[in-house]
Amino acid sequence: MELTSLLKRIVGDRFVLTDREKLENYILDETPIHIRPRPASNLILVKPSNTQEVSEILKIANQYRIPVYPRGGGSGLAGGAIPTRNGIILSLERMNRIEIDRENLMAVAEAGVTLEKLIKTAEEAELFFPLHPGDESAQIGGLISTNAGGTRAVKFGIMRNYVKGLEIVLPTGEVLRLGGRLQKNNAGYDLMHLIIGSEGTLAIITKAIIKLYPKFEATATLVIPFENRQDAINSVPKILQGGVMPLAIEYVERELMEKTAKHLGEVWQVKEGRCYLLVIVAEQSREEMLNQSLKIAEICKNYGAMEPLFAEPKEDQDRILRIRSNIYLTLKSEMIDTLDVTVPPASIGKLIEEVDRIAEKYDTRLPAYGHAGDGNLHIHIMDEGRDEEYYEKLRSEIYDAAVKLGGTITGEHGIGKVRVRSLMKYMDEKQLEIMRKIKEIFDPNNILNPEAVIP
Ligand SMILES: Cc1cc2nc3c(=O)[nH]c(=O)nc-3n(C[C@H](O)[C@H](O)[C@H](O)COP(=O)(O)OP(=O)(O)OC[C@H]3O[C@@H](n4cnc5c(N)ncnc54)[C@H](O)[C@@H]3O)c2cc1C
């Protein structure tokens, strides 16, 4: 029996698609067009509704050595979900049930639940999911597979810090349940944390147990203007060393906020300064929130900051976050690449100095913004109509600078299919050898997302 029929027997006719037109929204992701890998031509899209169906699909794929590309919201920035060989696209979108466990402050969510739904469902239960990667159409499975970060990672960390349990399906079709509704679990090697960030190359995530927090009583967003980016960035470690722990410390440039606001049909209202720190303060009392905000403004003033804008109404704060989250999509058509380097937080000043030096050396501009509180900056290489060799040189210089500062080539977007060569260049051979062996143990026939991370 041919493959399509076998799959239709598992999930039903309606949920197996081969017509190319219907696959258009499933063969690409948000990776910059210039570096995006090309999708294969012969693809089958399958949409299972539960873990059992995922298991049966993988058993068949493994038996016939057919590549399987797990897909979440398709918002990835490293080509991870792009199906580069003929095979199966496995969309988890139908697996979107979620339950809130108020007793344990946790959410139990299927992999196809979107970030938007998780945030909303937690709020309805008077709880809070702090993390906010910029695209709310991302799904739980994708967020965990990329170990996503985002704007509000300073206080409670990245996706890995929220995952307490996982249900996964191995390429052999076996179902494993890792962790649980547990704050502590020390039984043997931590396989759960191996799956987090594995970008769909070791197993399919079908369900997750995610830690939530009590809702904050009082939050505010400070927009702190600076004349130059060196001063702005240098004040970031001082805020963290000053005994305050905001939810977010973002670095952005005025030109980008104005351009993005216009792109969204809005107007950016802060006219002072050339760049800003966007700091989100969240506390269990308004008094404490105001104390923290004053302390942060004071620290930044010592570094040349101007009078901050203090936004407290939720709609004002949401508007600032919305503009910040859409910078990438606003610039996407003009760029060659978006780099995601991360350095020790206290070295972020040196990183921006290096970026300035490299921009001058190449007589180009390198728009930079990002999660300064985590030492993570997104640096855009803009399209100047030059050849690939020029862009590759620029990319390598920025990576060299970050690695020399004790940093890494990617803090949150992952390796996917577009950073594999750089991973080979910057990772030592022993680590690569161990990673290859881990891949072979989980996926001996190399059917899961081949060509991603560790080819
Ligand atoms: C405007 C914009 C802003 C963004 N901002 C941020 C940000 O601030 N921080 C950040 O970290 N990222 C950010 N991203 C990138 C992206 O949103 C994240 O990488 C997100 O985690 C991807 O989730 P997704 O569901 O869209 O995954 P997809 O793109 O569908 O897939 C990503 C990877 O996960 C794998 N995968 C997906 N689902 C599963 C599953 N169930 N089991 C196993 N593997 C699976 C895929 O194979 C692929 O390798 C942004 C993207 C955009 C477009």
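The values are calculated or read from the model by the stated rules, or taken from the named source; none is laboratory data. Since we're looking at a predicted model, the values are computed, not measured. Virtual Cβ from ideal backbone geometry, glycine too; neighbours counted across all protein chains shown. Areas reflect the complete protein model, heavy atoms only, side chains present, ligands, DNA and RNA absent. Shrake-Rupley method; radii C 1.70, N 1.55, O 1.52, S 1.80 Å.
Laid out as a table, the results:
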item	result
Residues of the stretch 109-121 satisfying the condition of being among the acidic types (Asp, Glu) and either in the same structural domain as Lys47 (by TED's automatic domain parsing) or within 11 Å of the ligand (Cβ to nearest atom) (or both)	Glu110
Breaking point among (1) at positive phi; (2) more than 9 Å from the ligand (Cβ to nearest atom), for Gly200	(2)
Hits in the stretch 149-158 (condition: closer than 21 Å to Leu105 by Cβ and either open to solvent by less than 10 Å² (accessible area, probe 1.4 Å) or acidic (Asp, Glu) (or both))	Gly150, Ala153
Single match in Gly134, Gly87, Gly142, Gly149 (criterion: out of contact with any Phe, Trp or Tyr (no Cβ under 6 Å at 6 or more places or on another chain) and modelled with pLDDT under 95)	Gly134
Residues of the stretch 159-179 satisfying the condition of being at negative phi and assigned to a loop (DSSP other than H, G, I, E, B)	Tyr162, Leu170, Pro171, Thr172, Glu174
Residues located in the stretch 62-81, provided they are buried (at least 24 other Cβ atoms within 10 Å of the Cβ) and over 17 Å from Gly112 (Cα atoms)	Leu77, Ala78, Gly79
Boolean, Gly304 is in contact with a helix residue (DSSP H, G or I) (Cβ under 9 Å, 6 or more places away or on another chain), small (Gly, Ala, Ser), touching a residue at least 24 places away in the same chain (Cβ under 8 Å) and surrounded by fewer than 18 Cβ atoms within 10 Å (Cβ to Cβ)	yes
Checklist (1) in contact with a Lys or Arg (Cβ under 9 Å, 6 or more places away or on another chain); (2) within 13 Å of the ligand (Cβ to nearest atom); (3) open to solvent by 40 Å² or more (accessible area, probe 1.4 Å) applied to Pro48, failing item	(3)
Helices (runs of 4 or more DSSP H) lying entirely in the stretch 353-455 (those with 1 or more residues that are open to solvent by less than 30 Å² (accessible area, probe 1.4 Å), out of contact with any Ser or Thr (no Cβ under 9 Å at 6 or more places or on another chain) and within 26 Å of Lys238 (Cα to Cα))	388-404
One residue from Ile398, Ile381, Ile434, Ile415 being in contact with a Lys or Arg (Cβ under 7 Å, 6 or more places away or on another chain) and outside the structural domain of Leu143 (by TED's automatic domain parsing)	Ile381
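For (1) near the ligand (Cβ under 7 Å from one of its atoms); (2) open to solvent by 20 Å² or more (accessible area, probe 1.4 Å), each residue gets a yes or a no:
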| position | (1), (2) |
| --- | --- |
| Glu123 | no, yes |
| Phe129 | no, no |
| Gly134 | yes, yes |
| Ser137 | yes, yes |
| Gly142 | yes, yes |
| Arg160 | no, yes |
